[in-house]
Amino acid sequence: MNALKTLGILSTLCLTLAVRAQSVIGTWKTVDDRDKKEKSHVEIYEQNGVVFGKISKLLKDSPDKVCDRCKGSRKDQLLLGMVVMEDLKQSEHYFEDGRVYDPVTGHDYKCSIWLEPGKPNELRVRGTHWSGIYRTQTWHRVL
């Protein structure tokens, strides 16, 4: 009976990991598309059916770094814990109609995110300027 119980627990764990690997929810390592350097970890989470992301770890800067280029309520606030992705709503194959904030430049952009087919540990994050010009970064799941 113990072997059967252990097998059940292992099966549940594997199923949970497989479902998690297919979701944008989790922690992602950001990689700047300009200099290809790893910058931070962003925790993406769901709240009332809407997706958000906040900085959970800084990889290059000290934990007490503030956002000196930010505007409004983000000005001079700690980067650690800052919500930098907000209001993403699920579409058929991706999340869209949200905003992403770039603390390096102090600008925010329209945002969409998606998992590449067959690559559940790679998240595409696209920020689009009002002019239609966009940049896409690839973030990697932190396991």
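The values are calculated or read from the model by the stated rules, or taken from the named source; none is laboratory data. Bear in mind the structure is a predicted one, so any value in this text is a computation, not a measurement. Note that we place each Cβ from the backbone using ideal geometry, even for glycine, and neighbour counts take in every protein chain shown.
Some observations on this one:
- Among the residues of the stretch 34-66, those identified as basic (Lys, Arg), loosely packed, with under 12 Cβ neighbours inside 10 Å and in contact (Cβ under 8 Å) with a residue 12 or more places away in the chain are Lys37, Lys60.
- Hits in the stretch 24-47 - residues which are at pLDDT below 95 and not in a strand (DSSP E or B): Asp32, Asp33, Arg34, Asp35, Lys36, Lys37
- Residue that is modelled with the highest pLDDT, among those in the stretch 49-72 that are acidic (Asp, Glu) and over 15 Å from Asp108 (Cα atoms): Asp64
- Residues in the stretch 128-139 that are buried (at least 17 other Cβ atoms within 10 Å of the Cβ) and at pLDDT 95 or above: Trp139 alone.
- Test: Arg99 is part of a strand (DSSP E or B), more than 16 Å from Tyr45 (Cα to Cα) and of a type outside the set (Phe, Trp, Tyr): no
- Out of Val142, Val104, one residue alone is modelled with pLDDT under 95 and surrounded by fewer than 15 Cβ atoms within 10 Å (Cβ to Cβ). It is Val104.
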